[in-house]
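Written out below as structure tokens is the structure these notes cover.
The values are calculated or read from the model by the stated rules, or taken from the named source; none is laboratory data. None of the values given here were measured: they were computed from a predicted structure. No Cβ is skipped: glycine too gets one built from the backbone with ideal geometry, and neighbour counts run over all protein chains shown.
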Amino acid sequence: MIHDPHHTISALTVRSPTILTLTFADGLTLAVDLSIAIRSHPSLTALLDPKLFAQARIDARGGYVIWVEDELELAADNLRNMAVEQAGGIGSERILNWMDKHGLTQESAAQAIGVSRRMLNYYLSGVKPIPKTVWLACRGWEAVVETAHA
């Protein structure tokens, strides 16, 4: 049984030496280019080897893409976030980082940007895409708070 279809990978295709096409259990298919992540994180540099990169596979539960078991893996939630951002969307990690930066709970974050806590949870879990207006509300709230403390 799939508990979180938004963060469960159901299909994977290696498209090039650094690009994967992922299909999630909720039906969304996105490409993700891992070249920047590979070059930015020393633990991933082995993936610059096209033969190793081509060995990408999904773990038994769909929660990870694995190249070397327990050593070289990327989680489905991180991959989805990267793919959404690369496709021009707003990834949930962006809002999570905003909340963390300002010490906001889900309740206080929802109030700050004018959405219900339930809707914020939909955005954070990936059930609903994050509208650009929601991200702009986060940035606007941040600007107001920083101006007030200046």
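Where the second residue is surrounded by 14 or more Cβ atoms within 10 Å (Cβ to Cβ) and among the aromatic types (Phe, Trp, Tyr) and the first is within 25 Å of ARG39 (Cβ to Cβ) and in the same structural domain as ASN78 (by TED's automatic domain parsing) and lies in the range 1-29, which pairs have Cβ atoms under 7 Å and are six or more apart or on separate chains? Between residues of the range 1-29 that are within 25 Å of ARG39 (Cβ to Cβ) and in the same structural domain as ASN78 (by TED's automatic domain parsing) and residues that are surrounded by 14 or more Cβ atoms within 10 Å (Cβ to Cβ) and among the aromatic types (Phe, Trp, Tyr), the close pairs are ILE9/PHE24; VAL14/PHE53; PRO17/PHE53; THR18/PHE53.
Kindly evaluate ALA75 against the criterion of being under 19 Å from LEU22 (Cβ atoms) and either touching a residue at least 60 places away in the same chain (Cβ under 8 Å) or surrounded by 12 or more Cβ atoms within 10 Å (Cβ to Cβ) (or both). Steps first, please.
Working: under 19 Å from LEU22 (Cβ atoms): yes; either touching a residue at least 60 places away in the same chain (Cβ under 8 Å) or surrounded by 12 or more Cβ atoms within 10 Å (Cβ to Cβ) (or both): yes.
Yes; evaluated as a whole, the condition is true for this residue.
Annotation: GLU71 fulfils all but one of (1) of a type outside the set (A, V, I, L, M, F, W, C); (2) more than 25 Å from TRP135 (Cα to Cα); (3) under 14 Å from the mean Cα position of the chain (by Cα); (4) modelled with pLDDT under 95; the unmet one is (3).
For the range 78-100, the candidate set comprises residues that are of a type in the set (Gly, Ala, Ser) and under 12 Å from LEU22 (Cβ atoms); within that set, the residue that is surrounded by the most Cβ atoms within 10 Å (Cβ to Cβ) is ALA83. Considering (1) among the polar types (S, T, N, Q); (2) without any contact (Cβ under 8 Å) to a residue 40 or more places away in the chain; (3) closer than 17 Å to ASP4 by Cβ; (4) surrounded by fewer than 16 Cβ atoms within 10 Å (Cβ to Cβ), say which one SER125 fails and leave the rest. With (1) among the polar types (S, T, N, Q); (2) without any contact (Cβ under 8 Å) to a residue 40 or more places away in the chain; (3) closer than 17 Å to ASP4 by Cβ; (4) surrounded by fewer than 16 Cβ atoms within 10 Å (Cβ to Cβ) applied to SER125, the lone miss is (2).
Of all residues in the range 99-109, none are at pLDDT 95 or above and within 29 Å of ALA46 (Cα to Cα). Answer yes if at least one residue in the range 130-144 is in contact with a strand residue (DSSP E or B) (Cβ under 9 Å, 6 or more places away or on another chain), surrounded by 12 or more Cβ atoms within 10 Å (Cβ to Cβ) and under 30 Å from THR18 (Cα atoms), and no otherwise. No, the range 130-144 contains no residue that is in contact with a strand residue (DSSP E or B) (Cβ under 9 Å, 6 or more places away or on another chain), surrounded by 12 or more Cβ atoms within 10 Å (Cβ to Cβ) and under 30 Å from THR18 (Cα atoms).
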